[in-house]
């Protein structure tokens, strides 16, 4: 599988946003609240981000808003592949055997694979892990845990996402 070809087949950010329904208002809220200044990395090279997502995914909405604001003045091109329409691509980027999203595939400007990021920052994953056994044993519904994670994202203002992502970029800058 050629990731550069997959990137070129993907939706642009504008196309992705135009397909959102109720998540668009949530995206806009996360975007406005995202606190990008403390996490900016100097000298970001031109990058291509191929993001495996779904329009209804609240983790994707929070992550995409933070990254869009973070790269607002940079030479970064976003493209999107829906998990449901790209099973082969998703299979290549499983998380612990699961099709967890969003997955951000970081490519250099020529389309060479550099790294992946996602599906969610550690602090949000910790919330899920805290309730995993309760979900599995039927003591709490998954949607209730998702609600807790959405509340975390609203309070966090993108900090956890941007801290981890900027650390990833710093690691990459050593190798680029």
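The values are calculated or read from the model by the stated rules, or taken from the named source; none is laboratory data. This one's a predicted model, so the numbers in the text were calculated from it and none came from an experiment. Note that we place each Cβ from the backbone using ideal geometry, even for glycine, and neighbour counts take in every protein chain shown.
Here are the numbers for this structure:
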{"read-out": "From the options 100, 81, 160, residue that is part of a loop (DSSP other than H, G, I, E, B) and either without any contact (Cβ under 8 Å) to a residue 40 or more places away in the chain or closer than 23 Å to residue 19 by Cβ (or both)", "value": "100"}
{"read-out": "Within the range 85-103, considering residues that are out of contact with any helix residue (DSSP H, G or I) (no Cβ under 7 Å at 6 or more places or on another chain) and surrounded by 13 or more Cβ atoms within 10 Å (Cβ to Cβ), the one nearest to residue 61 (Cα to Cα)", "value": "103"}
{"read-out": "Residue count for the range 3-37, restricted to those that are free of Cβ contacts under 8 Å to residues at least 12 places away in the same chain and in contact with a helix residue (DSSP H, G or I) (Cβ under 9 Å, 6 or more places away or on another chain)", "value": "4"}
{"read-out": "Some residue of the range 55-65 being assigned to a loop (DSSP other than H, G, I, E, B), in contact with a helix residue (DSSP H, G or I) (Cβ under 8 Å, 6 or more places away or on another chain) and at positive phi", "value": "no"}
{"read-out": "Candidate set: the range 118-131, residues that are loosely packed, with under 13 Cβ neighbours inside 10 Å and over 16 Å from the mean Cα position of the chain (by Cα); chosen: the one farthest from residue 168 (Cα to Cα)", "value": "130"}
{"read-out": "Odd one out for residue 73 among (1) under 18 Å from residue 46 (Cα atoms); (2) modelled with pLDDT of 95 or more; (3) surrounded by fewer than 19 Cβ atoms within 10 Å (Cβ to Cβ)", "value": "(2)"}
{"read-out": "Residue match in the range 22-36 (condition: part of a strand (DSSP E or B) and modelled with pLDDT of 95 or more)", "value": "no"}
{"read-out": "Search result, residues across the range 19-53 that are surrounded by fewer than 19 Cβ atoms within 10 Å (Cβ to Cβ) and in contact with a strand residue (DSSP E or B) (Cβ under 9 Å, 6 or more places away or on another chain)", "value": "19, 44, 45, 46"}
{"read-out": "Enumeration of residues in the range 1-18 that are surrounded by fewer than 17 Cβ atoms within 10 Å (Cβ to Cβ), within 17 Å of the chain's Cα centre (by Cα) and not in a helix (DSSP H, G or I)", "value": "12"}
{"read-out": "Any hit, the range 44-52, residues being without any contact (Cβ under 8 Å) to a residue 60 or more places away in the chain, in a strand (DSSP E or B), under 21 Å from residue 172 (Cβ atoms) and out of contact with any helix residue (DSSP H, G or I) (no Cβ under 8 Å at 6 or more places or on another chain)", "value": "no"}
